[in-house]
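Asks: Pasting a structure below so you can have a look.
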Amino acid sequence: MSLVMPPVSWLVAGAAIGGGIALLVRELLPAPPQLGAALERLRTTEQPAAEIRGRAWTNRHVLEESLGSWLVRHVATIPGVGIPRKDLKLIGESVERFLVTKVGLVLLGLAVPPYLALVATVLGSSLPVVIPAVAGIAIAVVMWFLPDFDVKSKAARARLEFAYAAEAYLDLVALKRIGDSGTAESLEQAARVGSGWAFVLLQDALLEARLNHEPPWDGLRRLADELDLPDAESIADIGRLSGEDGARIYETLRARALAVRTRLLNAQAEKAKSATSQLDAPAALLLVVMLILVGYPLFARILAS
């Protein structure tokens, strides 16, 4: 049997490998911005953001939302399929997009091993059917949990950012409170000082409480329950003690801000210590490699003599 493959087989194998690499690169690269939507945003700077976003939607977004809605109705109800709704709401990602990503990655994981097996067959090698099947299932299982880890890490970073904002917010409330402002007024005025996303969440929660004729600490507690934000819950408890029980909260606010600041500093120190310890292993490995490179000629000469 000749080991030289016909030119047609080489062309098919090269086209298959090139097409797969091109599809993978296309999915990994960020999508180019829509020129029409960008020009429209430049022309209409005073129109509502919701209207601009609505016009900027492409057919891909519409298809994604439609498919995501179908997955929410049929896949989300399956026992064992967990959806981190609080984390998704905190990072601003929809449940539909989350499920579409999970299902897409699972299909990609199932398709990669058979594709590689097909390429190997075209190149002249043959693999048992069970190998790509088992490999596809294993990769699909790993792919299914990748979006969960990604959402969890993003939510953890978002809660850390909110903790920094909460520490500054507590100091601002304390300053407002010592200036003889009421508890509700202090909470609302301090929230209007910042413009970051964490302060926007606080502003929205306080505004919703005012529109519902509720005390502001109820809105903060609702925010803490919806997004799993312990720092917002602490602020709500301090405000409730001052508003309902008439407690003096200046010292409590400063003490709570100091506690949050200490916790964040300790977390930064632990992170720095962990990063430093992770550098020891590469350094030790590099030292071992250098010892082998330096000592090998000597040992080789000793063994040869």
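Asks: On the accessible surface of the range 142-284, probed at 1.4 Å, how many percent belong to carbon and sulfur atoms? Don't skip to the answer; put the middle values down first.
Replies: Values: 4610 of 8030 Å².
Carbon and sulfur: 57 percent of the exposed surface of the range 142-284.
Asks: Tell me which residues come under 5 Å, amide H to amide H, from Leu127 once H is placed; ignore anything under 5 positions away on its chain.
Replies: Amide H to amide H, under 5 Å and 5 or more residues apart or across chains, Leu127 pairs with nothing.
Asks: Rule-of-thumb check for the range 66-152: C-alpha Rg over 2.2 N^0.38 Å?
Replies: Working: Rg = 16.0 Å, N = 87, 2.2 N^0.38 = 12.0 Å.
For the range 66-152, the normalised Cα radius of gyration comes out at 1.33.
Asks: Now, a different point. In whole Å, what three semi-axes, largest first, describe the equivalent ellipsoid of the range 92-138 built from its Cα gyration tensor (square root of 5 times each eigenvalue)?
Replies: Here the semi-axes work out to 30, 10, 5 Å.
Asks: Would you mind working out the accessible area per residue for the range 156-197, using a 1.4 Å probe, and quoting it in Å²?
Replies: Spelled out: the 1.4 Å probe surface of the range 156-197, per residue, equals 48 Å².
Asks: After finding the eigenvalues of the alpha carbon gyration tensor for the range 74-207, what semi-axes result from the square roots of 5 times each, listed largest first in whole Å? Each step should come with its number before you reach the end.
Replies: Details: eigenvalues 527, 38, 19 Å².
Each semi-axis is √(5λ); the values are 51, 14, 10 Å.
Asks: Give the whole-number value, in cubic angstrom per residue, of the convex hull volume spanned by the C-alpha atoms of the range 136-287.
Replies: In the range 136-287, the Cα hull volume divided by residue count equals 150 Å³.
The values are calculated or read from the model by the stated rules, or taken from the named source; none is laboratory data. Keep in mind that this is a model prediction, so the values were computed, not measured. Calculation scope for accessible area: heavy atoms of the full protein, side chains included, ligands and nucleic acids excluded. Shrake-Rupley method; radii C 1.70, N 1.55, O 1.52, S 1.80 Å.
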